[in-house]
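Chemist: One structure follows; several queries about it will come next.
The values are calculated or read from the model by the stated rules, or taken from the named source; none is laboratory data. Source: prediction; values computed, not measured. These accessible areas exclude ligands, DNA and RNA; they are computed on the full protein's heavy atoms, side chains included. Shrake-Rupley method; radii C 1.70, N 1.55, O 1.52, S 1.80 Å.
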Amino acid sequence: MAKAEEGAKFVRYFAPLLDALRGLGGSAKADEAVDRVATDLKVSDDVLNETLPSGGSRFRNQVAWARFYLVREGLVDSSKHGVWSLTGKGLETKLTPEQSREIFLKQVKIFQEQRK
């Protein structure tokens, strides 16, 4: 598997995170949102218990990265510390895996342009 694909596994959580926030009334504390994604996707204990070299949860880290990209896309609002909220656009958006990948690639390109 290519390194870029390995690093972008969190893209699979874009749509489930939007769905989880919708299910939680449009906003939630970070832990509530991550737990809802895990419940909705029936994530296995093996995945939930997998840790990063730093000791943190790989799953929680990946969902946090999904949130970061959704914020940059204008689907999630991050203005209130520790609270993840859907924007009006996010409330209406249902993402396919292809659309999620397009958002990721678009944001990577923007980031690369900003670094030039």
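Chemist: Return the sequence-ordered ³J(HN,Hα) values of region 40-56 in whole Hz as given by the Karplus equation 6.51 cos²θ - 1.76 cosθ + 1.60 applied to θ = phi - 60°, using x for Gly and Pro.
Modeler: Karplus values, whole Hz, x for Gly and Pro: 4, 8, 6, 5, 5, 4, 4, 5, 5, 8, 5, 10, 7, x, 6, x, x.
Chemist: Have a look at the chain and give its Rg and Dmax from the Cα atoms, expressed in angstrom.
Modeler: 13.9, 42
Chemist: Probe radius 1.4 Å, ligands and nucleic acids ignored: give me the carbon and sulfur share of the accessible area of region 27-89 as a rounded percent.
Modeler: Taking all protein chains in place, region 27-89 shows 49 percent carbon and sulfur surface.
Chemist: A follow-up question, please. Only Cα pairs under 8 Å and at least 6 apart count here; give the relative contact order of region 7-116 as a rounded whole percent.
Modeler: 35
Chemist: Considering amide H positions built from the backbone, and no H for Pro or chain starts, which residues 5 or more places from ASP77, or on another chain, come under 5 Å of its amide H?
Modeler: For ASP77, whose amide H was placed from the backbone, the distant partners under 5 Å are SER85, LEU86, THR87.
Chemist: Summing -39500 (n - 2.57) over the DSSP H runs of n ≥ 4 in the chain and dividing by its residue number, what mean residue ellipticity at 222 nm do you reach, to the nearest 500 deg cm²/dmol?
Modeler: Theoretical 222 nm ellipticity from helices: -17500 deg cm²/dmol.
Chemist: Which entries in LYS9/LYS94; LYS9/LYS42; LYS9/LYS106; LYS29/LYS89; LYS80/LYS116; LYS42/LYS80 show an alpha-carbon gap greater than 22 Å?
Modeler: LYS80/LYS116; LYS42/LYS80
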